[in-house]
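Worksheet for the structure shown next.
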Amino acid sequence: MSPEIRPIDALVAEIGSTTTVVSAFDGLAVGEAAPDGPVDAVPRLIGQGIAATTVAEGDVGLGIDAARAALEETTGLLEPGVTLATSSAAGGLRMTVHGLTEKMTAMAAREAALGAGGVLVHRTAGRLRDADLAAIDAARPGLTLLAGGVEGGDSETVLHNAGRLAELTVRPIVVYAGNSAAAPEARSLLERAGFRVRVTANVYPRVDELDIVPAREVIHDAFEEHIIHAPGMERIAGWVTGRVLPTPGAVLLAAEALAARVGDLLVIDVGGATTDVHSVTSGSPEIAAISLDPQPASKRTVEGDLGTYVSAEHAAALIPDAERPGALPPALPATPAEKAAAAALARVAAVTAVRRHAGRLVHHYTPTGRQTVARGRDLTACRLLVGTGGALTRLPGGLEALEESRVPVSGVTELLLPPADARCALDRDYVLACCGALLAHFDADAVAALMRTSIGMPAEEIGAPQ
């Protein structure tokens, strides 16, 4: 007699550099009945399976198969309606970005790349030089974002840069997001040189205006095309029935969906190599009135020196001598001492990353007196801080790390941090990245319900965004 197969709505694989997690979800279809009665959809996490990531073995599918087998040991055989994936393995979404000016189009290109989940390996402003081409070739990016010129403005620099990119030895997918007047010529230049080119809206259409969401969508599509050809990742195309997203990009999509229902928020993801901070906020009106830097509604920063394994030595150096772990933990801490060491690293990584993400007040002294302006990201309207990723959600002390990140450095009051009474919560079910992938296939309210459950925020606490 063949074993019974249980139909479910979705399986989502989160493929990390170290581990692969496969999560099963049901109750996401609108109007679906719960097992105990005919009610609306009851979104729920059925279970999770974990295995080592196997990109290094030449086939990421081995890790996915092992994680799914571990899941189905507890759930029985599953038949998903859709199978999805997010990935930060195989080097993640390695990108270079190029703009006209550091404070304008290059900055906008950087925001678009990071918001899409990119790992920036080189950034330039102005005309590309021989040294830049050598750096790009050495970095071997999967994608390159080319920007430059406001609408109706400069075209010469972005066309020069398109011509220089055509000289590269590597052939990344090029996303063009500059002055639309130069788009046809830039595309033709690059395609004649053998590049695949995607054209999207200008990321900096007018002075002090960012428009990065269209570029983010195109980058996600290009990433999916790139990742299925990455070494060890080829079989992922045969496993998924939906799209493959970069994991950091999926987390930001989830944060946006949650913020639309609960108000301005911050998501902190501490990993083995990096710590990502995602904020969805317009800031406070008071700070906006004195702000000098245009900011996107959704922002991601990446701290490459803050992690619990690859960059553990750098993070440990930030811990006071008396509290510093005696030995750095392995990738997967198992003993109490290893877990305590990893937790200490996660704490300093989270606190430091939030402080780096935050903007600050700057005082200028003029003949008419002191003037105060705001630089960078205003987090003062963020009433919710969410910790995700294995380090914060699976090790002790994650909540305390979030609480400490709201506290200014002693003697420094200029940082634009979340308020001291902002709520802190952990993504205890470890589903935020999965939810970012699910949003393309299921009702956003149903997906948000999964996140609310995971962070312990029931539906009755949800109000209109502040």
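Can you sort Lys339, Lys103 so the residue with the fewest Cβ neighbours within 10 Å comes first? Write out the running numbers ahead of the final one.
On the way: Lys339 16, Lys103 12.
Ascending number of Cβ neighbours within 10 Å: Lys103, Lys339.
Once the Cβ-Cβ distance between Glu400 and His363 is put in as r, and R0 is 30 Å, what FRET efficiency do you end up with, to the nearest 0.05?
0.40
Only four residue types carry charge here, +1 at the Cβ of Lys and Arg and -1 at the Cβ of Asp and Glu. Report the dipole size of the chain about the Cα centre in Debye, rounded to the nearest 20.
Values: 38 positive and 56 negative charges, 234 e Å.
Charge dipole of the chain: 1120 debye, to the nearest 20.
As an exercise, use a Förster radius of 45 Å and the Cβ-Cβ distance of Glu209 and Ala334 to find the FRET efficiency, rounded to the nearest 0.05. Please report the intermediate quantities before stating the final value.
Numbers: r = 50 Å, r/R0 = 1.12.
After rounding, the FRET efficiency stands at 0.35.
Using 0.36 nm per residue, how much length does the chain from Ala135 to Glu102 gain when fully extended, once their Cα-Cα distance is taken away?
Details: separation 33, 0.36 × 33 = 11.88 nm, distance 1.80 nm.
Taking Ala135 through Glu102 to full extension adds about 10.1 nm, to one decimal.
Need one number: nm distance between label points at Arg127 and Ala181, each 7 Å from Cα along Cα→Cβ, rounded to one decimal.
Roughly 1.9 nm, to one decimal.
Please identify the longest segment of the chain free of exposed GluC sites (Glu not before Pro), where exposed means a DSSP state other than H, G, I, E or B and no more than 13 other Cβ atoms within 10 Å. Write down the numbers at each step before the final one.
On the way: sites that count: Glu4, Glu57, Glu102, Glu167.
With GluC sites (Glu not before Pro) excluded where exposed in loops, the chain gives 168-466 as its longest stretch.
List the equivalent ellipsoid semi-axes of the stretch 5-87 in whole Å, largest first, each obtained as the square root of 5λ for an eigenvalue λ of the Cα gyration tensor.
Working: eigenvalues 149, 27, 16 Å².
Working from the Cα gyration tensor, I get semi-axes of 27, 12, 9 Å.
Projected area of the stretch 334-466, taken from the Cα convex hull and averaged over every viewing direction, in nm²?
On the way: hull surface 44.0 nm².
With the hull built on Cα positions only, its mean projection is 11.0 nm².
Compute the label zone of Gln371 within the stretch 283-304: residues whose backbone N is under 14 Å from the point 7 Å along Cα-to-Cβ.
In the stretch 283-304, the label zone of Gln371 (backbone N under 14 Å from the point 7 Å along Cα→Cβ) covers 290-293.
Bin by bin, in steps of 10 Å, what percent of the Cα pairs in the stretch 111-186 do you find, going until the bin that has the longest distance?
19, 53, 27, 1
Report Rg(Cα)/(2.2 N^0.38 Å) for the stretch 255-429, keeping two decimals.
Values: Rg = 17.0 Å, N = 175, 2.2 N^0.38 = 15.7 Å.
Normalised by 2.2 N^0.38 Å, the Cα Rg of the stretch 255-429 equals 1.08.
For Leu438, Leu292, Leu399, which order do you get if you count the other beta carbons within 10 Å of each Cβ and list the fewest first? Don't jump to the answer; show the numbers that get you there.
Details: Leu438 29, Leu292 12, Leu399 15.
In increasing order of surrounding Cβ atoms, one gets Leu292, Leu399, Leu438.
Considering the alpha-carbon set of the chain alone, what are its Rg and its Dmax in angstrom?
Using the Cα atoms of the chain, the pair Rg, Dmax is 22.6, 89 Å.
Note down the Stokes-Einstein diffusion coefficient of the stretch 11-170 in µm²/s, whole number, using a Kirkwood radius over alpha carbon pairs, 37 °C, and 0.692 mPa s.
Numbers: Rh = 18.8 Å.
In µm²/s, the coefficient is 174.
Quick check: pseudo-label points 7 Å beyond the Cα along Cα→Cβ at Glu191 and Ala52, how many nm apart are they?
Each label point is offset 7 Å from its Cα along the Cβ direction, giving 4.6 nm.
Report the label-to-label distance for Ala317 and Arg6 in nanometres (one decimal), using points 7 Å from each Cα along the Cα→Cβ vector.
4.9 nm
Readers should treat all values here as calculations from the given coordinates under stated rules, not as data from a laboratory. In this text the structure is predicted, and so the values were computed from the model without any measurement. All Cβ positions, even for glycine, are placed from backbone atoms using ideal geometry, and neighbour counts span all protein chains on display.
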